[in-house]
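To start, the structure itself, in structure tokens.
What follows is calculated from the coordinates using simple rules that are stated; it is not laboratory data. A quick note: this is a predicted structure, and the numbers were derived from the prediction, not measured. Here the Cβ is made from the backbone with ideal geometry for all residues, glycine too, and neighbour counts use every protein chain on show.
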Amino acid sequence: MARPREFEVDQALRDAAEVFRTKGYHAASLEDLTQGTGLAKGSLYKAFHDKKSLFLGAFVLYATENRQRFVETLEAPGSPKQAIRATLVGYVERARATGGSAGCLITNTAVELGVGDAEIAAEVRLSFQRRTALLEAAVRRAQGAGEVAASKDARALAEFLELVVQGLRVLVKTNPDEAALLRAIEVAMGALV
């Protein structure tokens, strides 16, 4: 009879995502992952088989949970345009509150592994595409509410906003002046007229 798993898989993946987020994929050692997850080497290998499988599981869960927070803010009741602003500002506030220097696992992965591994690159692209689709839907809601001109290309605005999100995620790693980040957000919001 097989011994039951004595840990919660999603929590192990969240813990591994934090290790990968702070260390990077290549620099995260097996020791880092066992310490970060609290699991023995054998348990990690039995559950996830290898480092890449653990990473992909952690990445997918991180991206899913990140996207859910994005949805909650973007689809909040009230002004769609203000929801877009709150999404951008909220990211800066969360990143700054946690020190920010580790950055975002999605953005870090795009930089570290975006061209070196086709499977991981596909997951990164999918994450960007899903977020851009959410931003496009928010822009369309803002257009419907008369907050953004109907003549504006909602897809192009969403792609621009995704660039802003990624720029914020990179800049926050360098611990910049929060006021400068907030000014940049206001400039970006100026595109939504």
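Among the residues of segment 37-82, the one identified as in contact with a Ser or Thr (Cβ under 7 Å, 6 or more places away or on another chain), among the small types (Gly, Ala, Ser) and buried (at least 19 other Cβ atoms within 10 Å of the Cβ) is ALA63. Scanning segment 108-147 for residues that are buried (at least 17 other Cβ atoms within 10 Å of the Cβ), β-branched (Val, Ile, Thr) and over 14 Å from the mean Cα position of the chain (by Cα) yields ILE120, VAL139. Taking the criterion of being out of contact with any Phe, Trp or Tyr (no Cβ under 7 Å at 6 or more places or on another chain) and either in contact (Cβ under 8 Å) with a residue 60 or more places away in the chain or at positive phi (or both), the residues of segment 19-51 that qualify are ARG21, THR22, GLY24, HIS26, GLY38, HIS49. If you go through segment 145-193 and pick out every residue that is touching a residue at least 40 places away in the same chain (Cβ under 8 Å), small (Gly, Ala, Ser) and assigned to a helix (DSSP H, G or I), you end up with 1.
Test LEU105 against the criterion of being buried (at least 20 other Cβ atoms within 10 Å of the Cβ), touching an Asp or Glu at 6+ places or on another chain (Cβ under 7 Å) and within 21 Å of THR64 (Cβ to Cβ), and give yes or no.
The answer is no for LEU105.
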